[in-house]
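Read the figures in this text as sums done on the coordinates, not as results from a lab. This structure is a prediction, so every number in the text was calculated from the model and none was measured. Here the Cβ positions follow ideal geometry from the backbone for every residue, glycine too, while neighbour counts run over all protein chains shown.
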Amino acid sequence: MDIATLLLAGIAKGSLYALAALALVLIYKTQDVVNFAFGEIFMFGAFSGYISLKILTLPYWLSFVLAVVTIGFFGALIERVAFRRVAHMPHLTLAMVTVGLSFAMKGAARIPFGSDIYTFPPIFPDEPIRMAGVVVAPQGLATIVVAVAVTGAFFLFFRRSSLGKQMRATQQNMTGARLVGVNVNKVFSVTWALSAAVGAVAGVLAAPSVLVYPDMGVTFLLKGFAAAVLGGLDSVPGAIVGGFLVGIIEMLVGGLVSTAFQDVSAFFIIMLVLFLKPDGLFGVRAMSRV
Amino acid sequence: MRDPVPPAWRRYAEPVFLFALLFVPLLTDKYTQYVCNLVLVYALVGIGLNLLLGYAGQFAFAHAAFMGIGAYSAALLTTRLGVPFWISLPAAGAIAMIIGAIAVLPALRMKRVYLALATIAFAELVTWGLVHWKAVTLGTDGVDLKAPYFFGWRIGSDNTKYFVLLAVAAIMYLFAKRILQSKIGRAFVAIRENEIVAQCNGIDVARTKTIAFALSAFYAGIGGALFALTLGFIVPDGFGLGQIALHFSIVVIGGLASLPGSLIGAVLVTILPEALRGLQGVQELVYGLTLMLFILFMPSGIAGLLRKYGLLPREILAAPGWREQAAERRHAGASAKAAE
Amino acid sequence: MKAIVHHIRKPAIAMAVLACAAGAAFAEPGVTATTIKIGMFGPLTGATSVYGYPINNGAIAVYNEVNAKGGINGRKIEIVHEDDGCDPAKTRAAVKKLIHRDEVFMIHGGNCSAGVFAAREEFIENKVPFMVMAATMDKISSPMDRYIFTTTLPGSRDSGVILNFLKSIPNVKKFAIIKHPDEWAEAKASEIVKNYKEAGLELVTTVELERKASDATAQVLRLQSSGADVIATLLYPPEAAVFLRDALKYGLKGPFLGTVGTTDIKDLAERAGNPAALANFYTASFLKQGPDHPDMKEFSDLMRKYFPNDRLTSLNFYGMSGAYTIVDALKRVGKDLTREKVIAALEQTKDGFAGPGACKVNFTPQTRVGCLEGTMWKLVGDKIVNVGPTYRDVSN
């Protein structure tokens, strides 16, 4: 079997997981909360791309930008309306609000799009690229490039920019950060907007090659979790490494072991990592011990 | 301050309510009876989740998976192995409980967010297992549970099922109440509020968490077995994320940390979709929004509202008469000192 | 005198009331002098609702037309439609509501197999004649029960169509199967596995593709290295589209043989996005022709007449054969309509009109599966071609 093709396909898939992981890491790094509604943000991104492309028949680049910007705003809006109120409440409450949000978003998507599973029109010419005996779709290659670029940008952002440092400060200690003059509310808004935007990017990139339907976010949430957990929930480079690894493992399992185990390998990864090394490959937070 | 003495009617409310429930089959046609049966199943499941989430504060997504384990255990034992139902019912609960206790072991030292993720992964693995372990579970073919025998009685009709469901639900409700009024119940609340403080107060956090998980898994397992009984046929599909969404709605809308809340939530969440059969398209959206609204503005749910207006008693997590016992002990201590 | 009258008045009234009640109890539920109530259910909302209204509306169109032409022996058909959300618990509730609340005469419905099976004993216990709409799980109709009828090809049968076609392709020895891990695909796969040896074929490998999977790279690569000449594609339309698209990408040529799940081959082509993906794809079908074929004009016209705003798809035709069969049986019973008489009439359906179905409907007192034939379709350009039960070259 063509291992090289398998690996490349795994990396292409993995880039999507990497973006998902990145979005999760963003919120977690700042607010110490896991956004269970991420899958639905991703789904909204895919659908807004679908609406722009198929229904409004806009060119792809415009659909892309439109989706990212709209969903980014939507993320900030959600934060302002729903989360600002509960930012100080126990994490349990915050998590439950994101769960409720995910049901609401799924339900909202079902109203216009609930009755079928949609396929995106292909973006790039269908002819796959063949190089050195390896076959890869142009869409896949584009996804890898974008994922690496976005992750790299965020890595620098957190390390170098002042806003990035403010976000890290807020996560470590919200009150402390406030005391030193960090505008915590602004940090939250920006975080959510960015996280949603990343989700939308993933959604629009994924849409041409996956099936678009209201429940599509669930799988990506779980794979994104697997990638984030594997890489370390608070590590940006961990997100991309984790993403690639999950994608590759899935492909290898499906191609070499058995197609039956392909989809569930991500969950095995989550369970294994959480039991053996909960901080993942690059994470630095300690486990809580009481 | 003395315990407020509940008005006379409230003292008898519970037993009277229970007695009144015996007459429900007289008022219902087969369709409504079936819906009532589902309500009882979900009330039980809701109590289980409330114990874990509302009282012990553990955010876990595995409840639907345990319901599935219970449902499949009961159905497989009864249908494939011919075990009488009065054995397979508690067996289903026990199997779910044991798996719950084992599954939580590695999660004991995890932070909250990891626990949530691990339980999601666990839930997906369970669904995958139910689908792919065809030799045992018959995969997506599903398993029947038709008219089992319960101590010699054939449980065929919805009415007969109702009485079995009512009996089990009542017993388990009272059991839950007992547990909550004991030391374990107070330990649950302690670890919910602050694990570190609880540990410092001598509560074995790991042991309490294990008990919380095992107990809620037991309730979910029994609920699942009764679900299989009510429905007569189960498939792996029914125990995934859609099911857990239902469970969350039940406890949040009904009222976290409230046993009557679980019943209220079950009633609303089961009956409303049937009553609003015309509006099913927007159901999920309404669920999600309602869930968010309740968490944001009414975290104690409907039970909390009722409590405010005195229709439901405040929950005191202690056995009745504890103040008197404590006073006695103080008295005995003081007189012992005086005697020295 | 007065005393006696006084004494018998109360019991007399009581007896009169009882007599009326008893009389009412003898009247058949769902039948009045002017109407016959037929219950219907399906996934009208939720993730599977694409198999809800499109299928059920086809049957409703047939019933509407019958009403427009004067009804059946002076009675018009009234449809009571309930949603089952493709969920077994809801389906059971829907059927209970139809039987006990709406008190329908008989029921024609059900597209989600698990749900129909969960509700199956409701029909049997309450002695309500039931015609399956489009659900295909074998367990529903076998073992046979007196009250359960179906004119839809059961799951295992459509493998027969596929295998028959496979056998007839020249120069084919080795074949492979790609399937979902669910019961729907498993039923078809196991039928194929049972019978392929006698056809002189060799099954080289079976690969699985999860429902809702968005990538089939691993599966395609495995099939490529297996050396199979033909691939039985036991997949639902969205996943079949993904698979065919990936097969095209990696150069897996086929031929591919699909199940009745992919009968709506034009829809599949749209999903796959690239017509080249279906260049070597054949699908089983239990319909005579595609919706745009002149032979189907009668049925497309019905849909256009009663549901002018709906998009016309093959799905619309799935439920029609059942509707025609029911109408035929009801007519034969005559004015004195009871459930038992309808069952007797259905049992005597011989070479019944199946509407757009590629078969003739036959029931006997011992059988309840009305249609056993199917055919294979192929998309050539933008036309659906009925290739037939055996292979022939149809590429123009």
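Assorted remarks:
- Separation in nanometres of the label points that stand 7 Å from Cα toward Cβ, at B:V136 and C:S168: 4.6 nm
- The stretch A:3-216, relative contact order in percent, only Cα pairs under 8 angstrom and at least six apart counted: 46 percent
- With the highest mean first, a sort of the peptides A:163-170, B:72-79, B:242-249 on other beta-carbon atoms found within 10 angstrom per residue produces B:72-79, B:242-249, A:163-170.
- Rounded to the nearest 20 debye, dipole of chain A from Cβ charges on Lys, Arg, Asp, Glu: 1080 debye
- Among C:Q348, C:S141, C:A93 the positive-end extreme of the charge dipole of chain C (Cβ point charges): C:Q348
- Residue with peak Gaussian network fluctuation, chain A [Cα springs, cutoff 10 Å], from A:V97, A:V218, A:V257: A:V257
- Pair B:A206, B:L18: separation of 7 Å Cα→Cβ label points (nm): 3.8 nm
- Share of pairwise Cα-Cα distances greater than 30 Å in the stretch A:3-216 is 27 percent (whole percent).
- Helix axis angle, A:60-78 relative to chain A longest principal axis, alpha carbon, degrees: 30 degrees
- Order of C:D328, C:D138, A:D234 - criterion: other Cβ atoms within 10 Å of each residue's Cβ, fewest first: C:D328, C:D138, A:D234
- Among the trypsin sites (Lys or Arg not before Pro) in the stretch C:232-281, those placed in a DSSP loop whose Cβ has at most 16 other Cβ atoms within 10 Å are C:K253.
- As a calculated quantity, the FRET efficiency between A:V284 and A:R84 at R0 = 35 Å, using C-beta atoms, amounts to about 0.80.
- Working note: Cα atoms of chain C, range along each principal axis, descending, whole Å: 103, 37, 37.
- For the protein assembly as shown, share of DSSP beta bridges that run antiparallel, in % to the nearest 5: 40 percent
- Pairs of lysines in the stretch B:30-339 (C-alpha under 26 Å apart; 8 or more residues apart or interchain): 10
- Cut-off 13 Å between beta-carbons: net charge of the residues surrounding A:P214, Lys and Arg +1, Asp and Glu -1: -1
- Residue-averaged beta-carbon neighbours from other chains (10 angstrom radius) around B:170-183: 0
- Summing +1 for each Lys or Arg and -1 for each Asp or Glu among the other residues whose beta-carbon sits under 11 angstrom from that of C:E186 gives -3.
- Peptide C:84-90 is shielded by partner chain Cβ atoms: per residue, an average of 5 of them sit within 10 Å of its Cβ.
- Axis angle, to the nearest 10 degrees, between helix A:138-160 and the longest C-alpha principal axis of chain A: 20 degrees.
- Average beta-carbon neighbours from other chains, 10 Å sphere, peptide C:174-185: 3
- Within the stretch A:206-279, the percentage of alpha carbon pairs spaced more than 21 angstrom apart rounds to 28%.
- Volume per residue of the C-alpha convex hull in the stretch B:30-339, rounded to whole Å³: 162 Å³
- A straight line joining the Cα centroids of the stretch B:96-142 and the stretch B:240-266 runs 21 Å.
- Rounded to the nearest 500, the helix-only mean residue ellipticity at 222 nm of the protein assembly as shown stands at -18500 deg cm²/dmol, with each DSSP H run of n ≥ 4 adding -39,500 (n - 2.57).
- DSSP bridge pairs, the stretch C:127-227: antiparallel proportion in percent, nearest 5: 0 percent
- Inter-label distance, nm, simple model (7 Å from Cα along the C-beta direction), B:F175/C:R392: 6.9 nm
- Nearest-ten-degree value, helix C:217-226 long axis tilted from longest Cα axis of chain C: 60 degrees
- For the pair the stretch B:6-78 and the stretch C:107-166, the centres of their Cα atoms are 33 angstrom apart.
- Cα-only radius of gyration and Dmax that characterise the stretch A:148-290, units Å: 17.2, 55
- Dipole-positive endmost among A:L6, A:V99, A:V241 within chain A (Cβ charges, Cα centre): A:V99
- Length-normalised contact order for chain C - Cα pairs under 8 Å, 6+ apart - percent: 16 percent
- By the Stokes-Einstein formula, at 0.890 mPa s and 25 °C, the stretch C:83-186 with its Kirkwood radius over alpha-carbon pairs has D equal to 161 µm²/s.
- Total lysine pairs in chain A at Cα distances under 25 Å, for residues eight or more apart or on different chains: 13.
- Packing-based exposure ordering (other Cβ within 10 Å, fewest first) of B:V83, B:V16, A:V187: B:V16, B:V83, A:V187
- By the Cα gyration tensor, the stretch B:55-194 has an equivalent ellipsoid whose semi-axes, rounded to whole angstrom, run 30, 23, 11 from largest to smallest.
- Alpha-carbon centroid distance for the pair the stretch A:2-24 / the stretch A:179-206, whole angstrom: 23 Å
- Cβ-to-Cβ counts within 10 Å put C:M133, B:M292, A:M131 in ascending order as A:M131, B:M292, C:M133, the fewest first.
- In plain terms, the bigger the Kirkwood radius, the slower the diffusion; for the protein assembly as shown, with that radius from Cα pairs, at 4 °C and 1.567 mPa s, Stokes-Einstein puts D at 42 µm²/s.
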